Amino acid sequence: MYPFARLAKTYWNASRANPLHFTDKSSITFSCHPWDLDIFNEMNNGRVLTLYDLGRTELGIRCGLMKVLAKKRWALVVAGSSVRYRNRVHMFNKVTMHTQCVGWDERWLYLEQSMWVKGKPCSSVLIRAGVTSKQGLVAPQQILEALGESVDTPELPQWVKEWVDSEEHRPWPPIGADQY
């Protein structure tokens, strides 16, 4: 089930927090609940990705993006992700999540997120995100203009560029059952 109570808490807290710049790092904290666990008594990998949604929501509220989306009737979409899991998150662990937009290109926004328990990194995700309208994908430059931000495109970190490049070589559509 989607964590609606956590989403409501995220909206509430973010709407009362200090505004952030589009590229600032935001942080939220939460506890791992019994319904977040898998059969191995650790946070389920699907739940991790769902909770990362909340971190992006919090950043979107604090930088004003969510207001722009509502005003223009735009929506957010995740177009790709690369996840690393390194340390387990157990029941009742207090988790700190960090979210930051590390840059963009002509089509996509790239966000880095991480979860930490007791000062140790547990997981990290690189997200390729976009904004869509009824006409299709909205260019990041148009998003930034709507936010009243500078449209200068920063240099993406090398590891992000390498991931973007590797994704260009990945076949799409994927191999179907009839192709085996």
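Using C-alpha pairs below 8 Å separated by at least 6 residues, the relative contact order for the chain is 21 percent.
The shape of the range 1-93 can be summarised by an equivalent ellipsoid whose semi-axes, obtained from the alpha carbon gyration tensor, come to 26, 15, 13 Å from longest to shortest. Scalar couplings 3J(HN,Hα) for the range 159-173, obtained by applying the Karplus form with A = 6.51, B = -1.76, C = 1.60 to θ = phi - 60°, are 5, 6, 4, 5, 5, 4, 4, 5, 5, 5, 8, 6, x, 9, x Hz; x denotes Gly and Pro. Per-residue Karplus couplings for the range 8-15, computed as 6.51 cos²θ - 1.76 cosθ + 1.60 with θ equal to phi - 60°, are listed in order as 4, 5, 4, 4, 4, 5, 5, 5 Hz, Gly and Pro entered as x. Stretching K72 away from L147 to a fully extended chain increases their span by 25.9 nm, per 0.36 nm per residue minus the current alpha-carbon distance. Take the cross-link list K9/K161; K71/K161; K25/K71; K134/K161; K67/K134 and give me the ones stretching past 26 Å between alpha-carbons. Going by Cα-Cα distance, K9/K161; K71/K161; K134/K161 fall outside the 26 Å limit.
Once the C-beta distance of D165 and N44 is scaled by a Förster radius of 25 Å, the resulting FRET efficiency is 0.20 to the nearest 0.05. Let me spell out the model: positive unit charges on the Cβ of Lys and Arg, negative unit charges on the Cβ of Asp and Glu, origin at the Cα centre of the range 31-169. What dipole size does that give, in debye rounded to 20? Approximately 600 debye in magnitude. Full extension of the segment from Y85 to A5, taken as 0.36 nm per residue of separation minus the current Cα-Cα distance, would add 26.3 nm. Here r is the Cβ-Cβ distance between A17 and W172 and R0 is 41 Å; the resulting FRET efficiency, rounded to 0.05, is 0.60.
All of the numbers you see were taken from the coordinates with simple rules; none came from a lab. In this text, all values refer to a predicted model and were calculated from it rather than measured experimentally. Note that each Cβ is placed from the backbone with ideal geometry, even for glycine, and that neighbours are counted across all protein chains shown.
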